[in-house]
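Bear in mind these aren't lab numbers, they're just calculated from the coordinates by the rules spelled out. Computed from a predicted structure; not experimentally measured.
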Amino acid sequence: MKLRLDTHLLFWAAGAPDRLSRDFRSLIDDSERELLFSAASLWEVAIKRGLGRHDFRVDGRLLRGGLLDNRYSRLPIVSDLAVAIELADASVRSCVGGTGDRGGCHAAVVSRLQVSAVAPAT
C-alpha cells in the first residue's frame, strides 16, 4: 500500500518524529509500505520561504533530498488522480483537497485510483 504524507506530517517525520503517534510511526516504518510526497508540499515550502516568514525555517532542497534519501518517492501528479479525488467521498476529498490537518486528515493512502483517509491515534 502507498502512503502519501501531507506537508505537516512530512515536517514532523523529518524533524520531529516524537510528534507522531506510535501507531503512525509504525505505518511509516513499515518497509512494505511505499512512502510518497507531493510536489505540492515543496511548493508550500517555497511559498512560505518566499513570504519571508521568520518562524519558518524549512529548506525545500534539504527536505526533498532527505525524503528521497529515506525511501520516499515523488507522487506523480496525473489527471487520473485528480479524477479519483473528485469521485471520492467528502471526507477524503477535504483531506486531499488542501485542508490538511484542519480537516482532521493526517495522511492520504493512494492505491491505484482509490484514495482514503488515515487518522493516526493521538
Long-range amide H partners of residue 6 with built H, under 5 Å:
108
Would you kindly derive the ³J(HN,Hα) couplings of segment 44-56 from the backbone phi angles with the Karplus curve 6.51 cos²θ - 1.76 cosθ + 1.60 (θ = phi - 60°), listing them in order in whole Hz, with x for Gly and Pro?
4, 4, 4, 5, 5, 5, x, 6, x, 5, 6, 8, 10
Would you mind calculating the gained length between residue 47 and residue 26 on full extension (0.36 nm times residue separation, minus the Cα-Cα distance), in nm to one decimal?
4.5 nm
